[in-house]
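The values are calculated or read from the model by the stated rules, or taken from the named source; none is laboratory data. Computed from a prediction, not measured in an experiment: that's the story for all the values here. A quick note on method: Cβ atoms are made from the backbone with ideal geometry, for glycine too, and the neighbour counts reach across all protein chains shown. To get the accessible areas, we keep the full protein, side chains included, count just its heavy atoms, and leave off ligands, DNA and RNA. Shrake-Rupley method; radii C 1.70, N 1.55, O 1.52, S 1.80 Å.
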Amino acid sequence: MPEKETPGVPENENILSGTRRDFLKQSGFLTAVALTPIGIVKAAESHLDEKVAAFFEKMPLKMEVNGVSHQLSVEPRSTLLEVLREQLDLTGTKKGCDRGQCGACTVHVNGKRVNSCLSLAITNNNKTITTIEGLADGDELHPMQQAFIDHDGFQCGYCTSGQIMSAVACIHEGHAGSETEIREFMSGNICRCGAYPNIVNAIQEVSKGGNKA
Amino acid sequence: MKKDTIGEPLSRVDGRLKVTGGAKYSGEYKFPGLTYAVLVPATIVNGTVTAVDIKAAKYAPGVLAVITPFNAEKVPGYQPDAKKPVKGLKLFNDNQVHFNGQPIALVIADTFERATYAATLVKATYQVQPFETDFRKNIDKGVTPNAGKYKDYVRGEADAYKNAQVKIEQEYIQPSEMHNPMELHVTTAYWEGDNKVTVYTKSQGVMSSQRAIAAAFNLEPQNVLINARFVGGAFGSSLRTWPHEIAAVQAAKFVKHPVKLTLTREQMFTLVGYRPLTIQKIGLGATADGKLTGITHESHSQTAVYEEFTENAVNVSRFLYQSPNVNTRYKVVPLHIGVPAPMRGPGESTGAYALESALDELSYALNIDPIELRLRNYADIDQERNLPWSSKHLKECYQLGADRIGWANRSPKPGTIKDGDWLVGYGIGCGAFGAYRGHAEAKLKLMADGSINIQSATTDIGPGTNTAMIVIAADVLGMPAEKITFDLGNSSLPPAPTQGGSSTVSSVGSAVHDVCVALRQKLYTLQGKPRDSMDEIDYAAVIKEQNLPYLEISVGSESGDNAKNYSMYSFSAHFAKVYVHPLTGVVKIKNLIAVVDAGKIVNQKTAASQMKGGAVGGIGMAMTEEAIIDNRFGRYINGNFADYHVPVNADIPQIEAVFINKPDPVINPVGTKGIGEISLIGVAPAIANAVFNATGIRVRDLPITPDKLLS
Ligand code: FES
Ligand code: FES
């Protein structure tokens, strides 16, 4: 094995207190020293460049989430899922694949079901988002939530938020007319615990009951 | 006389948390200064990492550190002089690569996006060695595992089937199957000083996680706090502490910040185990009137070059049917792949697929109904151990299942029943899984208001453990379930075994039962009544009258010696009715009935769900699931949910779970035998046998994809 090199932390840096830009420090550092006035090098050393760049790197984002308006600043590459979970601490929305293949991250955007892992957060500017945390009316559960409890439409519960958000939308879309139709239109939501039959029963009950859903 | 609560359907006590998004899983706790770790996988299959260029990554925005084999601080438990050496892969401890996707670096940054991006900047150089991932090509390199129970087994005469009047000799293939719980494996760790660490991790056993992490970092177990309050499924993938979990703890120590490490879905195909590809040969011999005279079961399974994995892939053939002559052989084939892990219904389901398929083939060869054939070879005792069963009601399972599925409509001649364009078939598949009971402890606290809290360091990966425990407690105490709470998923609670092997209700349920009995006895004694009085208790009144702020009581509970005199198993009989489209090869599962002898059922509602869930797993095994390695590159080509097909809602019919529901008189005070595994074991052969009955085509390599039915 080659010699142990210094661990990956650059010296004298508390990364969490600020961010670095790589354009000066990394490839261009020597060039920068040669070509730039001393003031800029000083700015680089005190990470001012990073702070400035970090600011421009982010984009403003205004969204209403569960009835609350948020003014956020997000990286263009951040997904809606990541912003909900990590910035807004709305962890009810789950990450099962991050690739649009499982439905665990389903939320409503302007009333339509969306895989939030496939939606870049900034594309949701001025949109209205509902997550599982915003479905109940105060203490009173949404009929779909209650039906999931009554029909035992889950086990581990990890796919459940996505299933319920999808189920509510499924009825809205008019895709809950029969057992077969429900199965088809709920097939974007994987449940590895295999609660499918109970999920179908829950949706049928809400759909037949003419609940507000 | 108190009301009998056991068996009553009770909705999950944590249901509200789960339907409102309030249930917090291990990756969902926020700590100040939380950082995010992303693994960098090796791009070779076998060889050494000669260098890792981390410059670009370490200077990328937000990066705190990049850990590689060349700069990692040593994990004490990985060293040869460790007190309790950690087994298996030792991540970042050396520069060897044993399989494609093995992590060779870990990037830690202040956001997930930044860590993910920086991980792409890490560049490794390798010295490449030849590799072997091709199972077929290497099957001759199979070795017999060291542990005694995997040694060759012979009862009577070996290969006796060869001389039988009627015989079946066939090969059955179980492909690699991935657990794929919906929750990505995740570990969040933070240290307080150098000697104490708190870990939120996806674990089926908080005590075993505690032991593993304490051993790895040479800590006192009580200084390792494990939390796994909610676990988003696991199915065996979280039975052990994986190298990446230790890496997360290592990283948190190194950067002195809380670190959260989440695997990607693709990484879950290489780093957290799988059901190993197994090729099995079955020989069955019988007399013309259907009496088995010999069973031979030989299996070869995948394992890793760096760690041996074993499971009970052939054992079911030793005891499920009566036969004077049985021999089994089990070998594992080391390859350059990640190590397997027990997956729901582990080796037993692989073995039962082969045995139950062969038995079905034999029934056609003999022209005897498959259920009748099973009855003629019914095992009244366990011939493997030469012990009586503690309980066995498999005959009733056959009967109930046959009635429900409409077995009388089955044609003994394949391909003769049609419904419109569709061919119709019926099949049966049976299974058995050992009923276990481990040592478990429980602590009960009776509050001044008469409410009860019970604690035990078990976990719940989905079956509804806390709900079941509350049902048991409510039954013993004769009080409403709403007055009882149950805490689990934390290593500071009284020790309990890992949730696995269908044993939680048996082990922890017994401790809960016993602690409730102990409370009653204590209260009667305080009141000056005989300990075993059956008088109703007004809990709040007694505690008031005794002038106590609360009352606490703890017990440990385990099997008595009597258990050794019996063979204890859960049994299942699964029935499938399928429709097969002869032109497209599409299979529709019309109906699935799972009939189970699992002793007493504690909560009908959650138990039925668990049975259905196992059946869905069995449908995946039978119909859709196969992890495929491209042997030219030694890597999985379908490591995601788009290409690896787990069953979706449209694949699943209504499923009926039927319980015999007779308490086992031996195993534990409640009489439960466990259903987690048995819900899956036997499902795949039931479907495969139904497909044969519909079409006359015998698929001996799962999954039964349409192409295999278009001959
Ligand atoms: S996490 Fe978005 S679809 Fe899987
Ligand atoms: S409830 Fe566990 S994945 Fe659906």
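A compact table of results
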quantity: For the range B:572-587 and the range B:80-129, distance of Cα centres in Å; calculated: 45 Å
quantity: Too-long pairs where the Cα-Cα distance tops 28 Å, listed order kept, from B:Lys24/B:Lys196; B:Lys74/B:Lys443; B:Lys392/B:Lys564; B:Lys149/B:Lys588; B:Lys395/B:Lys418; calculated: B:Lys74/B:Lys443; B:Lys149/B:Lys588; B:Lys395/B:Lys418
quantity: Unit charges on C-beta of K, R, D, E only; dipole of chain B, Debye; calculated: 480 debye
quantity: Centroid-to-centroid separation of the range B:612-669 and the range B:442-460 [C-alpha atoms, Å]; calculated: 34 Å
quantity: Amide H partners (placed H, <5 Å) of B:Asp382, local residues excluded; calculated: B:Leu387, B:Trp389
quantity: Residues listed by number, the range A:84-122, amide nitrogen under 13 Å from A:Lys58 label point at 7 Å toward C-beta; calculated: A:87-88
quantity: Solvent accessible area, Å² - B:Leu702, 1.4 Å probe, full protein context; calculated: 0 Å²
quantity: Shielding score for A:196-203, defined as the mean number of other chain Cβ atoms within 10 Å; calculated: 5
quantity: Proximal charge balance of A:Ile149 [Cβ under 9 Å; K/R count +1, D/E count -1]; calculated: +1
quantity: Probe 1.4 Å, protein heavy atoms only - accessible area per residue of the protein assembly as shown in square angstrom; calculated: 36 Å²
quantity: Shielding of B:54-63 by partner chains, average beta-carbon count, 10 Å; calculated: 6
quantity: Range of Cα positions in the protein assembly as shown per principal axis (Å), largest first; calculated: 99, 76, 64
quantity: Where GluC sites (Glu not before Pro) fall in DSSP loop in the range B:111-175, at most 15 other Cβ within 10 Å; calculated: B:Glu157
quantity: Dimensionless Rg over Rh [the range B:438-558; C-alpha; Kirkwood]; calculated: 0.98
quantity: Listed residue pairs exceeding 25 Å between alpha carbons, taken from B:Lys331/B:Lys577; A:Lys95/B:Lys18; A:Lys95/B:Lys260; B:Lys30/B:Lys253; B:Lys291/B:Lys662; B:Lys84/B:Lys253; calculated: B:Lys331/B:Lys577; B:Lys291/B:Lys662
quantity: Ellipticity estimate at 222 nm from DSSP helix runs (n ≥ 4, -39,500 (n - 2.57)) divided over chain B, nearest 500; calculated: -7000 deg cm²/dmol
quantity: Between B and A, accessible area buried - total, square angstrom, nearest 100, 1.4 angstrom probe; calculated: 6400 Å²
quantity: Using θ = phi - 60° and Karplus 6.51 cos²θ - 1.76 cosθ + 1.60, couplings along the range B:332-343 (whole Hz; Gly, Pro as x); calculated: 10, 10, x, 9, 8, 9, x, 6, x, 8, x, 10
quantity: Burial ranking of peptide ranges B:648-660, A:126-138 (average Cβ count within 10 Å, highest at the top); calculated: B:648-660, A:126-138
quantity: Burial order of peptide ranges B:411-421, B:351-361, B:677-687, B:485-495 (average beta-carbon count within 10 Å, highest first); calculated: B:677-687, B:351-361, B:485-495, B:411-421
quantity: Helical segments meeting 24 Å axial Cα length and Kyte-Doolittle -0.5 threshold in chain B (DSSP H); calculated: B:346-366, B:504-526, B:604-623
quantity: Residue-wise HN-Hα coupling along the range B:632-649, computed from phi with Karplus coefficients 6.51, -1.76, 1.60 (Hz; x: Gly, Pro); calculated: 5, 10, x, 9, 5, 9, 10, x, 7, 6, 7, 9, 9, 8, 8, x, 10, 3
quantity: Within the accessible area of the range A:59-134 (1.4 Å probe), percent carbon and sulfur; calculated: 50 percent
quantity: About the Cα centre, charge dipole magnitude for the protein assembly as shown (Lys/Arg +1, Asp/Glu -1 at Cβ), debye; calculated: 560 debye
quantity: Shielding by other protein chains, B:609-619, mean Cβ within 10 Å; calculated: 5
quantity: Rounded to the nearest 20 debye, dipole of the range A:68-213 from Cβ charges on Lys, Arg, Asp, Glu; calculated: 440 debye
quantity: Options B:Phe433, B:Thr43, B:Ala615, ranked by Cα towards positive dipole end of the protein assembly as shown, top entry (Cβ charges); calculated: B:Thr43
quantity: Spatially proximal aspartates and glutamates relative to B:Lys445 (Cα-Cα < 12 Å; intrachain offsets below 8 disregarded); calculated: B:Asp487, B:Glu552
quantity: The range B:241-315: GluC sites (Glu not before Pro) in DSSP loop, at most 14 other beta carbons within 10 Å; calculated: B:Glu307
quantity: FRET efficiency for B:Lys281 and B:Asn547, using Cβ-Cβ distance with R0 set to 51 Å, rounded to 0.05; calculated: 0.10
quantity: With every protein chain in place, chain B: carbon and sulfur % of accessible area (1.4 Å); calculated: 51 percent
